[in-house]
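Enquirer: Below you'll find the structure I mean.
All of the numbers you see were taken from the coordinates with simple rules; none came from a lab. Predicted model, so just to flag it, every value in this text is computed and none were measured. Note that each Cβ is placed from the backbone with ideal geometry, even for glycine, and that neighbours are counted across all protein chains shown.
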């Protein structure tokens, strides 16, 4: 079955934004939801480019807000498919703050899970991923996150089912 699937390398998507006052709290820190929206958009572009299909976000996992992003910061968002299933893709996304002198500081990272779908909005198969050496660790992390998310969802489903009775 998978022998008929195309293989391809993922392309890194890059997006630059400027943080405006309406995107921040009174202390000048960028709202997490606004950061996540930018990450989701950039990650969706990476998933869509890889799969050559329409995509939808399924989950956002392992979000880590490591450093603050402030009003006036120029931020660079990168996203790349690092793992695939049959119809799903896991995209690693990072947001960096431009700190000058051609240096960036990573502020936020996350792994986003997308599903590809056809014109009738049915899940559709994605290509197999040819990993580059730089992506091997991100791939292992993504697969661990996916397994942990599935265990969490299974436990939640058991609790909900037990509560119904």
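Enquirer: Residues in the range 41-59: is at least one touching a helix residue (DSSP H, G or I) at 6+ places or on another chain (Cβ under 9 Å) and closer than 20 Å to residue 105 by Cα? Give the derivation first.
Expert: Let us first name the residues in the range 41-59 that are touching a helix residue (DSSP H, G or I) at 6+ places or on another chain (Cβ under 9 Å), namely 53-57, 59.
Filter once more, so that each one left must be closer than 20 Å to residue 105 by Cα: none.
Scanning the range 41-59, I find no residue that is touching a helix residue (DSSP H, G or I) at 6+ places or on another chain (Cβ under 9 Å) and closer than 20 Å to residue 105 by Cα, so the answer is no.
Enquirer: May I ask you to list the residues in the range 16-31 that are crowded, with 18+ Cβ neighbours inside 10 Å and either within 16 Å of the chain's Cα centre (by Cα) or outside any helix (DSSP H, G or I) (or both)?
Expert: Narrowing the range 16-31 to residues crowded, with 18+ Cβ neighbours inside 10 Å: 17, 19, 23-24, 30.
Correct list: 17, 19, 24, 30.
Enquirer: Keeping to the range 114-129, report how many residues are in a strand (DSSP E or B) and within 21 Å of residue 40 (Cα to Cα). Full working, then the answer.
Expert: Start the filter on the range 114-129 by keeping residues that are in a strand (DSSP E or B), which leaves 114-117, 123, 128-129.
Filter once more, keeping what is within 21 Å of residue 40 (Cα to Cα): 114-117, 123, 129.
Within the range 114-129, residues that are in a strand (DSSP E or B) and within 21 Å of residue 40 (Cα to Cα) number 6.
Enquirer: Restricting attention to the range 97-124, which residues are under 23 Å from residue 4 (Cβ atoms) and buried (at least 19 other Cβ atoms within 10 Å of the Cβ)?
Expert: Of all residues in the range 97-124, those under 23 Å from residue 4 (Cβ atoms) come to 114-124.
Those that are under 23 Å from residue 4 (Cβ atoms) and buried (at least 19 other Cβ atoms within 10 Å of the Cβ): 114, 115, 116.
Enquirer: Do you know which of the residues in the range 70-96 that are in contact (Cβ under 8 Å) with a residue 40 or more places away in the chain, within 15 Å of the chain's Cα centre (by Cα) and over 30 Å from residue 125 (Cβ atoms) is surrounded by the most Cβ atoms within 10 Å (Cβ to Cβ)?
Expert: Selected residue: 95.
Enquirer: Quick one: which of 139, 148 is surrounded by 11 or more Cβ atoms within 10 Å (Cβ to Cβ), farther than 25 Å from residue 6 by Cβ and touching a strand residue (DSSP E or B) at 6+ places or on another chain (Cβ under 9 Å)? Before the answer, list the steps.
Expert: Numbers: 139 fails: farther than 25 Å from residue 6 by Cβ.
Result of the check over 139, 148: 148.
Enquirer: If you check every pair at least six apart or on different chains, which have Cβ atoms under 8 Å apart with a residue in the range 28-56 that is at positive phi first and a residue that is assigned to a strand (DSSP E or B) and surrounded by fewer than 16 Cβ atoms within 10 Å (Cβ to Cβ) second?
Expert: Filtered contacts from the range 28-56: 28/70.
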